1. LYS78: which lysines have alpha carbons under 19 Å from its alpha carbon, excluding same-chain residues fewer than 8 sequence positions away?
2. Using a Förster distance of 25 Å, how high is the FRET efficiency between GLN154 and GLN15, based on the Cβ-Cβ distance and rounded to 0.05?
3. So how far apart, in nm, are the two label points at TYR66 and ASP212 if each is 7 Å from Cα heading toward Cβ?
4. Measure off 7 Å from each Cα along the Cα-to-Cβ vector at ASP127 and ARG245, then give the distance between these two points in nanometres to one decimal.
5. Work out from phi, with θ = phi - 60° and the Karplus expression 6.51 cos²θ - 1.76 cosθ + 1.60, the ³J(HN,Hα) of each residue of segment 121-134, listed in order in whole Hz, and give x for Gly and Pro.
6. Compute the accessible area per residue over segment 163-264, keeping the other protein chains in place, probe 1.4 Å, unit Å².
7. So who's got an amide H within less than 5 Å of the one on GLY74, skipping anything under 5 residues away but keeping other chains? H placed 1.01 Å off N, in plane.
8. For segment 70-170, state which trypsin sites (Lys or Arg not before Pro) are in a DSSP loop and have at most 10 other beta carbons lying within 10 Å of their beta carbon.
Amino acid sequence: VPELPEVETVVRTLQPSVEGRTIRYAEFHSPHVTPGDRAALASSLTGRRIENLVRYGKYLLFQLDYGYWLVHLGMTGKLLVGAPRTPHTHAWIELDDRVLVYDDVRQFGHMEWAAELPPRLRKLGPDPLEIDADSFARRLRARRSRLKPLLLNQAFLRGLGNIYVDEALFQARLHPLRVANRVPRRQAGELHQAIQELLALAIRYKGSSISDYVDAAGERGSFQELHQVYGREGAPCPRCGTLIRRMVVTQRGTHYCPRCQPRR
Ligand SMILES: [Zn+2]
């Protein structure tokens, strides 16, 4: 599932191919990825110039000369430059001199055109790479939720998902079920730092390719090789050797070291 570092990587690899170019032709085929009137979506995009492309949480936000084209990759979505059509191609977008191909095996992705930034995007929390330590600590203090579901909540911070939350909590030695407003200020600072360092490092490794995530050039990331706890249930903790455990928290598999991350 693409999270912040993976979406950031797709954005960076796409930018040189899309910015400043005009959409000449578009077609959409999936009633799941593009619910509603697909011909209307195609005509809203056709003729529009892509001014720039940015990441907004886990969304790709194409800022057009009129309106926005929003893309969410869901579980298995891939946005590729110049790739061939496959049975999983659900969007085909021709720019001046190249084609953008959207492939999505499971079709949990989503795309739409909007004249304005939709309210559900404006309601998302701050970007974890932009928030400063004091604001982060203040936001934690205001919540009585447990850390794992809180950090996954896109209204709290936009862009984190299961992998990087588990890894950040391990780095900061915080148990996933600790209550946010009882985390001491010093540890809130460590969690903030862990999140930012982890995301920056993961972006440098072009993200984590657990299943089929690839960037816009079709290349896999390699940060999965540096995971300390995620997907390592039963393996020794890299810090203390205790076996990594997995539990389910609000339906999400959660990996942690019972010794380094005491419940207290
Ligand atoms: Zn440990």
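1. List returned: LYS58, LYS206.
2. Working: r = 23 Å, r/R0 = 0.94.
Using R0 = 25 Å, I get an efficiency of 0.60.
3. Once both label points are built, they end up 3.6 nm from each other.
4. If labels sit at ASP127 and ARG245, their model points lie 3.7 nm apart.
5. Each residue of segment 121-134 in turn: 7, 5, 7, 5, x, x, 6, x, 7, 9, 5, 8, 4, 5 Hz.
6. Working: 4960 Å² over 102 residues.
Heavy-atom SASA per residue in segment 163-264 reads 49 Å².
7. Here the answer is HIS110, since their amide H atoms fall under 5 Å of that of GLY74.
8. On the way: sites: LYS78, ARG85, ARG98, ARG106, ARG120, ARG122, LYS123, ARG138, ARG139, ARG141, ARG143, ARG144, ARG146, ARG158; in loops: ARG85, ARG98, ARG106, LYS123, ARG143, ARG144, ARG158.
Sites meeting the loop and neighbour criteria: ARG85, LYS123, ARG144.
The values are calculated or read from the model by the stated rules, or taken from the named source; none is laboratory data. Keep in mind the model is a prediction, meaning the values are calculated, not measured. Glycine also receives a Cβ, built like all others from the backbone with ideal geometry; neighbour counts cover every protein chain displayed. For accessibility, only protein heavy atoms count, side chains too; no ligands or nucleic acids. Shrake-Rupley method; radii C 1.70, N 1.55, O 1.52, S 1.80 Å.
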